Amino acid sequence: MDTPTKPSAVGGGTVAFKPRTVAPQVKALQFGVIGYGYWGPQLVRNLNLLYGSSVKFIADLDEAQLARAQSLYRRTRLTRNATDVFESDIDAVVISTPVHTRYPLARAALLANKHVFVEKPLAIKVSEVEELIQLAHERKRVLMVGYTFLYRKAVQELRRIITGQLEKLYYIDTQRLSVGLWKAAGEGNETRNQAGRSPAAISNDL
Ligand SMILES: NC(=O)c1ccc[n+]([C@@H]2O[C@H](COP(=O)([O-])OP(=O)(O)OC[C@H]3O[C@@H](n4cnc5c(N)ncnc54)[C@H](O)[C@@H]3O)[C@@H](O)[C@H]2O)c1
């Protein structure tokens, strides 16, 4: 059989592509995303690309953000009230709101028996983190924190070196370059770049 082709994305002619014939061995999930500011839209876009999965609900306190979402996702339900998401039949909640809101939102999601993905850091206090982990264990739900670089080979290699070859580590200094525009610190948080990342957050991934 001839190799199938599709129009080239860069214009002119066609390119060969391999059609997906076998679904990946992952369970399709219905998601609710809470927080549709800067980072939420990236999460929604990628969740909708997962095979068989889709974002069924988007919640944000800000009507303007919801209007932005509506222009792109006409079949997604929009709400200003996160409780609507918890009370729906979705499988998993993705939280991309400011740090101080995450513990109550993640807790409510777990209590509603949803799997939960939370942007880092998971919560402000260690006690809150411990409670959420305990709750996830009790409810047999997945609680995952969005450590962006956790699965990067370079970070994994650095971790291997630190844990395997070095003795007690007293200090580590990392730099991430080309991180985009810096914007003013908000809500008493640290100064951060446009992607919402501080140097400390980057070190977290290790
Ligand atoms: N993993 C990464 O690389 C990465 C990059 C950027 C941001 N982030 C994370 O995402 C978080 C959000 O960042 P951002 O830049 O999108 O912030 P943002 O301020 O642009 O957006 C947050 C949104 O949450 C909404 N919100 C606040 N409280 C809410 C509530 N109770 N219910 C519903 N909506 C609520 C706000 O209206 C706002 O639209 C950051 O704190 C950061 O930790 C991660």
Restricting the range 88-120 to residues that are within 24 Å of F149 (Cβ to Cβ) and hydroxyl-bearing (S, T, Y), the one surrounded by the fewest Cβ atoms within 10 Å (Cβ to Cβ) turns out to be T101
V145 vs (1) of a type in the set (A, V, I, L, M, F, W, C); (2) in contact with a Lys or Arg (Cβ under 9 Å, 6 or more places away or on another chain); (3) assigned to a helix (DSSP H, G or I): all pass except (3)
Checking R45 against (1) in a strand (DSSP E or B); (2) within 15 Å of the chain's Cα centre (by Cα); (3) charged (D, E, K, R), only one condition comes out false. Which one? (1)
Any idea which of (1) more than 24 Å from L150 (Cα to Cα); (2) not in a strand (DSSP E or B) is the one A123 doesn't satisfy? (1)
Is there any pair with a first residue in the range 50-70 that is part of a loop (DSSP other than H, G, I, E, B) and a second that is among the aromatic types (F, W, Y) and within 12 Å of the ligand (Cβ to nearest atom) whose Cβ atoms are under 9 Å apart and which are 6 or more apart or on different chains, and what are they? D60/Y36; D62/Y36
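Every read-out reported here was derived from the displayed coordinates using simple, explicitly stated rules and does not represent laboratory data. As the structure is a computational prediction, the values presented were derived from the model and not from experiment. FYI the Cβ positions are ideal-geometry reconstructions off the backbone, even for glycines, and counts take in every protein chain you see.
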